[in-house]
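Every number here is computed from the coordinates shown, using simple stated rules; none is lab data. None of these values were measured; they are calculated from a predicted model. Cβ: placed from backbone, ideal geometry, glycine included. Neighbour counts: every protein chain shown.
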Amino acid sequence: AGRDPAQDALNIRMRAIKHKVIVMSGKGGVGKSTVAACLAARLAQRGSTVAALDTDICGPSLPTLLAVSDQEITNSQWGWLPPVSPCGVKVLSVGSMLPSADAAVALRGPRKTHLVRSMLRDTLWGRLNYLVIDTPPGTSDEHLSLARLLRDTRPDGVVLVTTPQDLVCGLSCPTERVTSTTGVVRRQVTFCRKVGLNIIGMVENMAEFECPCCKERYPVLGGTGAAERLAADLGIPLLGTLPLDPALATRCESGSAHNYLGPESNTERALGSSHCLV
Ligand code: ADP
């Protein structure tokens, strides 16, 4: 102690949080923030104390997804007080610090690291069961910062969000065992292992679309079964599969993702089967 007062202060905040889960994806638009928001909301609904941290500094979306866009972060003598969503999740996001929804943030790497550190250290998180951390797509400054800043207080690990499209390029042949060394998911896994982040598992999003008329299911983005094979090949659990469901998109837009239950409770399975979500 005393070595780095800023890190010590951050560690004190983080030690009051039982589980820290980082949600990542190889590219944008695969539903990473949707999964992070649903995960946080569902955990809160189950009775846990939950916060969600949006480290997507340039493209924050958690305030919309968790319906706190009309609230501001307030200051107290003990730190920032994050807005609280209707489902009870404390939400800290750069989105809540901007003057308008159209405002853009342009920060270089070191300033981003500084901001991520401030958000972790200067927020009055209180005692929490879970902190769900949304990140920007890819592996960049924010992810490296998180890995370093949380090293002392050991996050549970990473939930990787993918779509069948990403999975296919991780496979050498869709019907064979995986042998390719390329692909979005592989890169994510390599990154996590390099920086010492445990991988909790993978969520396959937008896997199938159920026709509202005939109830037939279509793998619209292709790659049926690829998730299972790739997960097995990489030695990581497949936590679950979410359908491509317009109802989910609509609910996300209106900030009521927590009310969503997919066909046959797929969502419940995908979001609730992680080992840390007991
Ligand atoms: P990311 O965080 O990976 O950029 P988002 O969570 O913002 O992705 O999702 C991108 C868009 O896709 C959003 O409009 C969201 O509502 C929609 N979406 C995400 N998952 C699903 C799904 N399973 N079914 C339908 N729409 C989805």
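What residue among Pro5, Ala41, Thr139 has its Cα farthest toward the positive end of the dipole of the range 5-272, where the charges are +1 on Lys, Arg and -1 on Asp, Glu, each on the Cβ?
Pro5
How big is the charge dipole of the range 5-272 about its Cα centre, in debye rounded to the nearest 20, if each Lys and Arg gets +1 on its Cβ and each Asp and Glu gets -1 on its Cβ?
Once rounded to the nearest 20, the dipole reads 1000 debye.
Please say if the range 47-101 is rounded, prolate or oblate, where rounded means a/c under 1.5 for a ≥ b ≥ c the square roots of the C-alpha gyration tensor eigenvalues, and otherwise the choice is prolate for a/b larger than b/c and oblate otherwise?
It comes out oblate by the Cα gyration axes.
What are the ³J(HN,Hα) values, in whole Hz, obtained from phi via the Karplus relation 6.51 cos²θ - 1.76 cosθ + 1.60 with θ = phi - 60°, for each residue of the range 6-19 in sequence order, with x given for Gly and Pro?
So the J values, rounded to whole Hz, are 5, 5, 4, 5, 5, 4, 4, 4, 6, 5, 7, 10, 5, 10.
Could you calculate the contour length gain from Thr74 to Val195, that is, 0.36 nm times the residue separation minus the distance between their Cα atoms, to one decimal place in nm?
Taking Thr74 through Val195 to full extension adds about 40.2 nm, to one decimal.
Assuming R0 = 22 Å, can you tell me the calculated FRET efficiency for the pair Ala101 and Gln165, based on Cβ-Cβ distance, to the nearest 0.05? Don't skip to the answer; put the middle values down first.
Details: r = 29 Å, r/R0 = 1.31.
My answer for the efficiency is 0.15.
By the scheme Lys and Arg +1, Asp and Glu -1, what is the net charge of all other residues having a beta-carbon under 12 Å from that of Ala227? Walk me through the numbers on the way to the answer.
Working: positive: Arg229; negative: Asp166, Glu204, Glu208, Glu228, Asp233.
Around Ala227, the surrounding residues sum to -4.
So how do 90-99, 241-250 stack up, highest first, on mean other-Cβ count within 10 Å? Display every interim value, and only then the final one.
Working: 90-99: 21.0, 241-250: 17.6.
Result, highest mean first: 90-99, 241-250.
When a/c reaches 1.5 or more, the comparison of a/b and b/c decides; with that in mind, is the range 88-145 rounded, prolate or oblate per its Cα gyration tensor? Before the final figure, lay out the partial values.
Numbers: a/c = 1.74, a/b = 1.26, b/c = 1.39.
Taking the square roots of the gyration eigenvalues as a ≥ b ≥ c, the range 88-145 is oblate.
How much length, in nm to one decimal, is gained on full extension between Asp233 and Lys18, taken as 0.36 nm per residue of separation minus their Cα-Cα distance?
Length gained between Asp233 and Lys18: 74.4 nm.
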